[in-house]
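Have a look at the structure below, then the notes.
The values are calculated or read from the model by the stated rules, or taken from the named source; none is laboratory data. These figures come from a predicted structure and were not determined experimentally. In this analysis, Cβ positions are derived from the backbone assuming ideal geometry, glycine residues included, and neighbour counts consider all displayed protein chains. Surface accessibility is based on the protein's heavy atoms, side chains included, excluding ligands, DNA and RNA. Shrake-Rupley method; radii C 1.70, N 1.55, O 1.52, S 1.80 Å.
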Amino acid sequence: MGKRLLSCFTSDFNKMSGQDLKNAIKASEGRTVLSENVAGRRSVTGDVTNSELARAFGADLILLNGLDVYNPVIAALPESDEPIKLLKKLTGRPVGLNLEPVDLNADMMEEIEIIPEGRMCSEATLKKIEEMGFDFVCLTGNPGTGVTNSRISEEIKKAKKYFSGMVIAGKMHSAGVDEPVADLKAVKEFIESGADVIMLPAVGTVPGFTQDEMIKAVKFIKENGALSMSAIGTSQESSTRETIREIAIMNKIAGVDIQHIGDAGYSGVANYENIMELSIAIRGVRHTIRMIAASNDR
């Protein structure tokens with residue numbers, strides 16, 4: 001048996017397969033923090049990446065958003081032929097990215113935003129992220145991109161075929177499409193397609209998605225061998241610390257395995273105080289400062 005994520009050092013993360021990472025998260029019993037960062041936006045400090053900032057305030061997993069895998073730009077990262085491997089070295093944490101299963105025929109509520117091919121999920125981009133050294137992938141959609149649940153389901157199968165890391169799938173908001181953000185039918189399809197982690201909007205973020213619905217979905221996910229992740233993807237990541245604390249506890253009660261905090265702070269990352277607030281709320285000061293204080297050389 002491997003370690004729970006709460007007890008891991010960088011040397012442990014460096015040896016993990018996608019399945020090992022999933023097991024480490026499961027063993028941590030709802031005490032895992034994921035921070036999403038906009039890769040190319042100027043960082044908060046200007047000369048340190050937002051991923052390093054997020055790790056310093058309690059993030060266990062780093063998720064890059066808006067990264068074109070054919071032209072990977074990460075603000076404040078020193079120049080490198082292997083940028084993801086360098087970022088993993090600097091943060092000492094598993095690093096993943098969003099790939100978007102775009103459906104150009106989606107029933108849109110707003111004008112569709114066309115994104116570069118290097119941000120879309122495809123056989124080619126999945127093979128590319130394997131080569132780049134990513135630890136996990138999140139199949140989801142940014143606002144207005146036309147990502148549908150049916151396309152997510154199709155692309156999960158490709159991800160399991162061409163990528164060896166952990167696969168997260170689901171929506172944190174509509175991505176501009178006129179369909180339910182989260183329902184048990186979609187969750188069932190994602191699990192059957194092979195997703196390791198199902199992402200759902202955090203209770204308190206999407207109007208009308210209740211704690212009862214989250215509890216029901218999480219129980220279904222657990223019974224079918226997958227993990228669950230709540231996502232704050234509605235710009236509330238830059239809300240007050242009290243709001244973050246309340247969201248964190250509501251979703252902990254619902255039983256989620258990972259709590260995601262989005263990238264809508266001033267510079268493409270949540271307010272650093274809120275990352276720490278989320279961490280302390282779901283696992284206390286002791287585990288928070290241990291993860292923060294441990295050197296990447298351990």
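Observations, loosely collected:
- All positions within segment 17-75 that are buried (at least 21 other Cβ atoms within 10 Å of the Cβ), under 27 Å from ALA124 (Cβ atoms) and either modelled with pLDDT under 95 or acidic (Asp, Glu) (or both): GLU36
- Residues located in segment 242-282, provided they are part of a helix (DSSP H, G or I) and in contact with a strand residue (DSSP E or B) (Cβ under 8 Å, 6 or more places away or on another chain): ILE244, ILE247, ALA248, ASN251, LYS252, ALA254, ASN274, ILE275, LEU278, SER279, ILE282
- Pairs where the first residue, in segment 79-99, is of a type in the set (Asp, Glu) and the second is at pLDDT 95 or above and surrounded by fewer than 19 Cβ atoms within 10 Å (Cβ to Cβ), C-beta under 8 Å, 6+ apart: GLU82/MET132; GLU82/GLY133
- Of the residues SER153, SER164, the single one that is small (Gly, Ala, Ser) and either part of a helix (DSSP H, G or I) or within 16 Å of the chain's Cα centre (by Cα) (or both) is SER153.
- Number of residues in segment 192-217 that are under 17 Å from the mean Cα position of the chain (by Cα) and assigned to a helix (DSSP H, G or I) equals 0.
- Within the option set ARG241, ARG298, being over 26 Å from ARG4 (Cβ atoms), surrounded by fewer than 17 Cβ atoms within 10 Å (Cβ to Cβ), in contact with a helix residue (DSSP H, G or I) (Cβ under 7 Å, 6 or more places away or on another chain) and at pLDDT 95 or above holds for one residue only, ARG241.
- Near pairs, Cβ below 8 angstrom, 6+ apart or cross-chain, from segment 200-214 (touching a residue at least 12 places away in the same chain (Cβ under 8 Å)) to any residue that is open to solvent by 20 Å² or more (accessible area, probe 1.4 Å) and among the hydroxyl-bearing types (Ser, Thr, Tyr): PRO201/THR234; VAL203/THR210; GLY204/THR243; THR205/THR234; VAL206/THR234
- Filter result for the condition that a residue is open to solvent by 40 Å² or more (accessible area, probe 1.4 Å) and at pLDDT below 90, over ASP81, ASP107: ASP107
- Residues (open to solvent by less than 60 Å² (accessible area, probe 1.4 Å) and either assigned to a loop (DSSP other than H, G, I, E, B) or touching a Phe, Trp or Tyr at 6+ places or on another chain (Cβ under 9 Å) (or both)) located in segment 1-16: LEU5, CYS8, PHE9, MET16
- All conditions in (1) at pLDDT 95 or above; (2) over 20 Å from ALA75 (Cβ atoms); (3) under 15 Å from the mean Cα position of the chain (by Cα); (4) of a type in the set (Gly, Ala, Ser) hold for GLY255, with the sole exception of (3).
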